[in-house]
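The values are calculated or read from the model by the stated rules, or taken from the named source; none is laboratory data. Not measured: the values here are computed from a predicted model. Here the Cβ is made from the backbone with ideal geometry for all residues, glycine too, and neighbour counts use every protein chain on show.
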Amino acid sequence: MLRAILSTLLALIVGSVLISLVQSIGHVLYPLPGELDLNDPEALAQILAQAPLGALLMVELAYVVGCAAAGAAVVRLAPGFGLRLPVIVGALFTVAGFMNMAAIPHPLWFAVLTTVTYIPMSVLGAKALGEGAGAKNA
């Protein structure tokens, strides 16, 4: 059980780091205004409402890459749990996504798309590795 918990936490870290890296690439391609106060939710909401489609798709790509990597990491680190741990990882990313959406208003289409991304991409990442050594036990 401890291995499952630690593996889940490490997978969340792996996924979060990759999300940050891909989002950083997105910020290079679509720079934020220099005068933007990142601690002002209203200013962030205004920027998101005016963001180019490509900028929002880069954020979605970050979630896809991060969740897939986290799903792959958790089955690699804790084989024997089938798809249970990738689903948990995806669910935890979903909760974080809800918190983000609650703090900063996003376009509705983007909120829906990202919400349905986390769990499927975590599972897909796990399946890419054959669901780990415990796939038969799922």
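Keeping to the stretch 87-98, report how many residues are under 12 Å from the mean Cα position of the chain (by Cα) and closer than 15 Å to LEU9 by Cβ.
Total satisfying the criteria: 7.
Take the residues in the stretch 105-131 that are surrounded by 15 or more Cβ atoms within 10 Å (Cβ to Cβ) and not in a helix (DSSP H, G or I), then tell me which one is modelled with the highest pLDDT.
Filtering first and then ranking leaves THR117.
Kindly indicate the residue of the stretch 47-82 that is over 17 Å from the mean Cα position of the chain (by Cα) and of a type outside the set (A, V, I, L, M) and also nearest to ILE104 (Cα to Cα) among those meeting that condition.
GLN50
With surrounded by 14 or more Cβ atoms within 10 Å (Cβ to Cβ), in a helix (DSSP H, G or I), small (Gly, Ala, Ser) and in contact with a Cys (Cβ under 8 Å, 6 or more places away or on another chain) as the only criterion, which of GLY97, GLY90 stands out?
GLY90
Considering only residues that are in contact with a Ser or Thr (Cβ under 7 Å, 6 or more places away or on another chain) and either not hydrophobic (A, V, I, L, M, F, W, C) or not in a helix (DSSP H, G or I) (or both), which ones fall in the stretch 62-87?
TYR63, GLY66, GLY71, ALA78, PRO86
Identify all residues within the stretch 9-45 that are modelled with pLDDT under 85 and in a helix (DSSP H, G or I); write none if there are none.
Passing the criteria: PRO41, GLU42, ALA43, LEU44, ALA45.
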